[in-house]
């Protein structure tokens, strides 16, 4: 199978991957796999973007979460270390939001929408995680012989 990652055309700071990439408008998420755009997605967030989205602009983000939750596999990657956030080492990015509130929002998303939030520690780690997540999805459906897609 020809594995190509699709990057949402609205992504302002796209990741760089070793494989071939395509740019296209995605209905949900920032990254997907060509041919499986409705089945799998990864939503990328810097820490300040995550704070702004889940605390200050949650209604809009909830619509995105609804779309992600309808997929076979979707997740949110945060380019920050959770322990550093909980130890208040990112006060500039937290915008006066308590670390406990941010953790509560992240766990709520995982429970309510079944979309896990992965704290990847850094942008390079988030890139590697995103690649691995998308490849794992394709490996899983390939092993089940379920490569029929829209």
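Each value in this text was obtained by applying a stated rule to the coordinates, not by laboratory testing. Here the structure is a predicted model, which means the values were calculated and not measured. We place every Cβ from the backbone using ideal geometry, glycine too, and count neighbours over all the protein chains shown.
Can you tell me which of 23, 12, 67 moves the most in a GNM of the chain? Springs connect C-alpha atoms under 10 Å apart.
Checking each option, the largest mean-square fluctuation is seen for 12.
Working from Cα positions, state the angle (0 to 90°, nearest 10) between the long axis of helix 99-113 and the longest principal axis of the chain.
Taking Cα atoms only, the helix is inclined about 30 degrees.
Would you work out the relative contact order for region 54-119, in percent, from Cα pairs under 8 angstrom that are 6 or more residues apart?
In percent, rounded to a whole number, it is 47.
Fewest to most neighbouring Cβ within 10 Å: what's the order for 3, 50, 133? Please report the intermediate quantities before stating the final value.
On the way: 3 15, 50 26, 133 19.
Least crowded to most crowded, the residues run 3, 133, 50.
Just to be sure I understand the model, the point goes 7 Å from the Cα along the line to the Cβ. What's the resulting residue 2 to residue 98 distance in nm?
Between residue 2 and residue 98, the label points sit 5.3 nm apart.
For the pair residue 19 and residue 69, what calculated FRET efficiency results from E = 1/(1 + (r/R0)^6), where r is the Cβ-Cβ distance and R0 = 25 Å, to the nearest 0.05?
0.40
Neighbour counts of other C-beta atoms within 10 Å: give me 138, 76 arranged from fewest to most.
So the ranking, lowest neighbour count to highest, is 138, 76.
With a Förster radius of 25 Å, plug the Cβ-Cβ distance of residue 89 and residue 144 into 1/(1 + (r/R0)^6) and report the FRET value to the nearest 0.05. Show your work: numbers first, answer last.
On the way: r = 42 Å, r/R0 = 1.69.
Here the calculated transfer efficiency is 0.05.
7 Å from Cα along Cα→Cβ at both residue 114 and residue 62: what's the point-to-point distance in nm?
Result for the modelled spin labels: 2.0 nm.
Among 97, 127, 33, determine the one that fluctuates most according to a GNM of the chain built with springs between C-alpha atoms less than 10 Å apart.
Residue with maximal mean-square fluctuation among 97, 127, 33: 97.
Per 10 Å bin, what percent of the C-alpha pairs of region 38-143 does each bin hold, from zero upward?
Values per bin, smallest distances first: 15, 47, 31, 7, 1.
How high is the relative contact order of the chain, given as a whole-number percent (alpha carbon pairs under 8 Å, six or more residues apart)?
Values: 215 pairs, mean separation 34.0, N = 150.
RCO, the chain: 23 percent.
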